[in-house]
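Below is one structure, written out as structure tokens, with a few remarks after it.
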Amino acid sequence: MAEDLTIIEGNKVEIYQSLIPQIKALIDGEPDLVANLANIAAALKEQFGWFWVGFYLVKNDELVLGPFQGPVACTRIRKGRGVCGASWAQAATLIVPDVEKFPGHIACSSLSRSEIVVPVMVYNEVAGVLDVDSELLDLFDETDKKYLEEIVSFIKI
Ligand code: SME
């Protein structure tokens with residue numbers, strides 16, 4: 001397993017195409033969920049420099065904060081609440097170009113301006129979400145959706 005990440009410059013597609021095999025190599029053969037989520041969050045943060053990137057896991061009908069990189073964040077989110085809870089309720093990726101325009105957005109940090117939340121699916125159920133926040137407006141698009149969905153599909157819970 002490679003413990004060094006090769007960081008590249010390029011367009012978003014090139015970056016994801018370089019990063020995805022490295023993430024796969026990091027988690028392949030490792031059964032520990034926390035270790036794998038921690039390394040995925042670290043790899044995404046290191047390559048993209050996003051403000052906040054991490055996981056919430058469904059526990060007793062709430063999302064509970066899991067491994068992440070970035071400033072401290074809200075610990076628990078109920079179903080349907082905020083972008084994370086809405087992504088869970090809809091079992092769908094949500095791209096929010098301007099968090100101030102998302103009704104019920106939970107502001108863990110006032111610096112966050114745009115956000116993407118990708119559900120982690122296990123047997124057709126949402127087991128958690130990957131949440132990424134940026135200080136820039138309108139940072140995330142369909143390319144992020146496509147590749148982040150591919151990355152979370154590697155997660156075995
Ligand atoms: N903004 C999220 C809450 C989680 S933090 O951004 C890390 C939301 O509205 O669900």
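How big, in percent, is the set of alpha carbon pairs in segment 88-149 lying more than 14 Å apart?
55
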Long pairs among K12/K101; K59/K79; K45/K145; K12/K156; K59/K156, criterion Cα-Cα beyond 18 Å: K12/K101; K12/K156
Relative contact order, percent, segment 1-60 [alpha-carbon distance under 8 Å, six or more residues apart]: 29
In segment 60-157, the trypsin sites (Lys or Arg not before Pro) that fall in loop regions by DSSP, at most 16 other Cβ within 10 Å: K79, K156
Whole-Hz couplings from phi, Karplus 6.51/-1.76/1.60, listed for segment 8-22; x for Gly and Pro: 10, 9, x, 7, 4, 5, 4, 5, 4, 5, 7, 6, 4, x, 5
Quotient of C-alpha Rg and 2.2 N^0.38 Å, computed over the chain: 0.96
Per-residue ³J(HN,Hα) for segment 134-144, Karplus 6.51 cos²θ - 1.76 cosθ + 1.60, θ = phi - 60°, Hz, x for Gly and Pro: 10, 7, 9, 5, 6, 7, 9, 9, 5, 5, 4
Computed helical MRE - 222 nm, the chain, DSSP H runs ≥ 4 contributing -39500 (n - 2.57), nearest 500: -10500 deg cm²/dmol
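Taken together, the values in this text are just the output of simple stated rules run on the coordinates, not laboratory data. All values reported here derive from a predicted model rather than from experimental measurement. Note that each Cβ is placed from the backbone with ideal geometry, even for glycine, and that neighbours are counted across all protein chains shown.
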